[in-house]
Amino acid sequence: MDESVVGQILEKQVLSVAKAVEDKLDEEIAALDRLDPDDIEALRERRILQMRRAAERRAKWRALGHGEYGEIPEKEFFAAAKASERLVCHFYRENWPCKVMDKHLSILAKQHVETRFVKVHAEKAPFLTEKLRIIVLPTLALVKNAKVEDYVVGFDELGGKDDFSTEDLEERLAKAQVIFLDGEGPANASKHATKRSVRQSDTGNSSDSE
């Protein structure tokens with residue numbers, strides 16, 4: 001197809017999208033113009049209430065350890081699972097694949113304060129690893145309402161290599177509904193600006209059996 005024809009088609013598409021956006025804005029402005037002072041005040045009060053509830057919710061999450069990624073001992077796992085509606089627990093050992101997972105989880109913990117992110121040293125948690133059948137490390141136990149609903153085992157679901165991006169892991173956790181894609185963290189607005197990935201190791205190992 002001639003380049004000039006392609007250019008004309010693209011120009012028409014751009015103009016069409018711009019017109020649709022302009023029409024939508026005109027509708028919203030017209031709707032605001034039709035509001036009387038009482039309606040505007042009611043909207044303002046409703047928005048203030050929503051903001052207050054959101055702030056209270058975030059404060060409660062922060063008090064429970066949300067927004068940070070840290071280690072907990074085996075004996076605290078069940079209490080943590082009961083306290084938070086959503087919990088991501090990384091069962092790890094001191095190896096490269098687990099360090100890769102650590103870096104991604106540290107980022108996501110800050111972006112998704114609606115979920116608590118913790119890690120448990122598998123070798124120091126024999127009861128938990130047996131009860132939850134943790135064999136391959138790293139393994140993420142995805143907990144909702146005090147029940148382990150799903151697992152992310154090794155890197156198989158993340159491309160099979162250790163150069164997966166934080167967004168790859170984020171999408172997997174969102175699929176399990178253990179995080180919200182729109183997030184609640186203060187850093188959320190810029191999280192998609194760059195594609196974060198952890199440097200691939202020389203060995204290329206994606207997981208390690210316990």
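Quick look at the values:
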quantity: Within region 156-184, considering residues that are assigned to a loop (DSSP other than H, G, I, E, B), in contact (Cβ under 8 Å) with a residue 24 or more places away in the chain and within 17 Å of the chain's Cα centre (by Cα), the one nearest to W61 (Cα to Cα); calculated: E184
quantity: Residue match in region 9-28 (condition: modelled with pLDDT under 90 and of a type in the set (S, T, Y)); calculated: yes
quantity: Residue satisfying all of: in region 157-178; in contact with a strand residue (DSSP E or B) (Cβ under 7 Å, 6 or more places away or on another chain) and of a type in the set (A, V, I, L, M); surrounded by the fewest Cβ atoms within 10 Å (Cβ to Cβ) among these; calculated: A176
quantity: Some residue of region 59-66 being assigned to a helix (DSSP H, G or I), open to solvent by 100 Å² or more (accessible area, probe 1.4 Å) and not β-branched (V, I, T); calculated: yes
quantity: Unmet requirement for R93, which otherwise passes all of (1) over 24 Å from K175 (Cβ atoms); (2) open to solvent by less than 20 Å² (accessible area, probe 1.4 Å); (3) touching an Asp or Glu at 6+ places or on another chain (Cβ under 8 Å); calculated: (2)
quantity: So V143, is it in contact with a helix residue (DSSP H, G or I) (Cβ under 6 Å, 6 or more places away or on another chain) and in a strand (DSSP E or B); calculated: yes
quantity: Inter-residue pairs, beta-carbon under 7 Å, first outside any helix (DSSP H, G or I) and in region 1-20, second modelled with pLDDT under 70 and loosely packed, with under 10 Cβ neighbours inside 10 Å, 6+ apart; calculated: none
quantity: Region 93-117: number of residues that are in a strand (DSSP E or B) and over 20 Å from the mean Cα position of the chain (by Cα); calculated: 0
quantity: Some residue of region 41-50 being under 30 Å from L105 (Cβ atoms), under 21 Å from the mean Cα position of the chain (by Cα) and open to solvent by 90 Å² or more (accessible area, probe 1.4 Å); calculated: no
quantity: Subset of region 118-132 [out of contact with any Asp or Glu (no Cβ under 9 Å at 6 or more places or on another chain) and loosely packed, with under 11 Cβ neighbours inside 10 Å]; calculated: E130
quantity: Checklist (1) under 15 Å from R172 (Cβ atoms); (2) assigned to a loop (DSSP other than H, G, I, E, B); (3) among the β-branched types (V, I, T) applied to I134, failing item; calculated: (1)
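The values are calculated or read from the model by the stated rules, or taken from the named source; none is laboratory data. Predicted model, so just to flag it, every value in this text is computed and none were measured. Note that each Cβ is placed from the backbone with ideal geometry, even for glycine, and that neighbours are counted across all protein chains shown. Accessible surface is based on the protein model in full, side chains and every heavy atom, while ligands, DNA and RNA are left aside. Shrake-Rupley method; radii C 1.70, N 1.55, O 1.52, S 1.80 Å.
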